[in-house]
1. Please work out how much accessible surface Trp481 shows to a 1.4 Å probe, ignoring ligands, DNA and RNA, in Å² rounded to 10.
2. May I ask you to give the average projected area over all directions of the convex hull of the Cα atoms of segment 42-226, in nm² rounded to one decimal?
3. Counting Lys and Arg as +1 and Asp and Glu as -1, each charge on the Cβ, what is the dipole of segment 242-327 about the Cα centre in debye, to the nearest 20?
4. Got a number for the accessible area of Val48? Probe 1.4 Å, square angstrom, nearest 10.
5. How far apart, in nm, are the 7 Å Cα→Cβ label points at Arg254 and Asp146?
6. How would you order 342-355, 107-120, 386-399 from highest to lowest mean count of nearby Cβ atoms within 10 Å?
7. Loop-only check: which trypsin sites (Lys or Arg not before Pro) in segment 261-345 are DSSP coil with at most 13 other Cβ within 10 angstrom?
8. Mind checking the full-extension length gain between Lys75 and Lys127? Use 0.36 nm per residue of separation minus the Cα-Cα distance, one decimal, nm.
Amino acid sequence: MAGAIIENMSTRKLCIVGGILLVLQVIAFLVGGLIAPSPTTAVPYMSVKCIDVRKNHHKTKWLMPWGPNHCKKLKDFDEAVSRQIEANDIVFAVHIPLPSKEMSPWFQFMLFIMQLDIAFKMDNDLKENAEITLDVSLAYRDDMFDDWEEIAHAIEIRKLKCTFGSPKTVESEGRHYDCDFLPFMEIGSVAHKYYLINIRLPVNDRKGINVGIGEIKDIRLVGIHQNGGFTKVWFAMKTFLTPSILIIMVWYWRRITLMTRAPVLLEKVIFALGISMTFINIPVEWFSIGFDWTWMLLFGDIRQGIFYAMLLSFWIIFCGEHMMDQNERNRLSGYWKQVGPIAVGSFCLFIFDMCERGVQLKNPFYSIWTTEVGTELAMAFIIVAGICLCLYFLFLCFMVFQVFRNISGKQSSLPAMSKARRLHYEGLIFRFKFLMLITLACAAMTVIFFIVSQVTEGHWKWGDITIQVNSAFFTGIYGMWNLYVFALMFLYAPSHKNYGEDQSNGDLGVNSGEELQLTTTITHVDGPTEVYKLARKEAQE
């Protein structure tokens, strides 16, 4: 009778925890959908054509497109021809942000793409596979009357991919090519109020620099930065979730250390998954508000990579530890075939990220996709990572199939087993199916919300209520994986309670002639997990 009361309390506790986690998941989506604004904002910029006729252009003066010290401007290139101004003396100037606005550290990053307005002209046609050379400089200041301080200067080459929808005849002169956007610049922090970009298109007929690129009429930039309101909501979530996961981690590991046996592999992997989740959660981004940390984007990629590698490794080990066969699996070396592709794929993506964002720490105008060698190298890393991912999922699907096949075999022989053995296998089967269901639900929600965020306009309107779909995707999925890790540590933490004489070693069969085949995931010798307690109650009934 006492045992039934305790089991009912355990079941009630699990239901309460499950209900709380579900409510928190809904709140995570609502925070992004109703409170946070859109994650990013795109701002178009039209460059201003300035005249600079002095030597060593980029070392002498920064040209402002507007303001009290604005440059001498050109309306168009026809004016430049009439005034005999050479192409090397024209500077395209862009001030960030637009007039009467300021940038803010809450914007976190700036990403710029470039669009060229190229007109067709019979005597200056755009060659096939043409390349444009850009002499670009970036500067900053925090007061409208301060001098500009240089951040970076580089000479970059971009490939032009343009199409012309009309016949190339005299009648078509003046019509514009349809050109793809070009990657231009990315900065991992917005530590200053004002930024200035000066772009020159140096022409050298002898070296073939900027020859055969058509007649460039204008240069347009589109700047993308994170919204300050979304950043504040994101930081608040990280600040709230960090202590939550830390507390459950301490509680989980304390439960394990109180046992007489050493921690098993699955328990160690769950704890490592909690550490990787905490590594993502720690809100170091708060420091980016006061410091010019341009490496934050790269650091964020590394943190996410560590978590995803641990999550994929956990799924493999989780399936392996529930095989319910004779093989010894309580060691990481037993999973080298399955974990190996994860390590190789993660390493390839890390190298790719270092080749892209790592170089951008010194040169924000750099892009690995702008050269043939860089493109081939990047594609090689991505293809290898993709192959490793496919191998991983093949291994995972095979292991899941094996587990379910073994489960079917064990279920048919459960009635003939002793009580202790039956409870053991029913606990294994219950928690495997339970966690597989949760895992599939989390993966499905991630995919569904990603697709929805890509195909919708970014927000839904229901009467007077506006729901930001993209923000809900980020906050909801981020909260969901935190709750997933939380649930793992709660459900797989060994219990410190005693469940009566029916669970003594004698009843477990340890002292009897019948050998009990325990996998390393079961901890009921020192105390059952929360899921095992729930499965045990159902078996007793």
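The values are calculated or read from the model by the stated rules, or taken from the named source; none is laboratory data. This structure is a prediction, so every number in the text was calculated from the model and none was measured. Reconstructed Cβ throughout: ideal geometry from the backbone, glycine too, with neighbour counts over all protein chains shown. Heads up: the accessible areas ignore ligands, DNA and RNA and are worked out on the full protein's heavy atoms, side chains in. Shrake-Rupley method; radii C 1.70, N 1.55, O 1.52, S 1.80 Å.
1. Surface accessible to solvent at Trp481 totals approximately 30 Å².
2. Details: hull surface 44.8 nm².
Dividing the Cα hull surface by four gives the mean projection, 11.2 nm².
3. Taking the Cα centre of segment 242-327 as origin, the dipole is about 340 debye.
4. Surface open to solvent at Val48 totals about 40 Å².
5. 4.9 nm
6. 107-120, 342-355, 386-399
7. Arg261, Arg331
8. 16.1 nm
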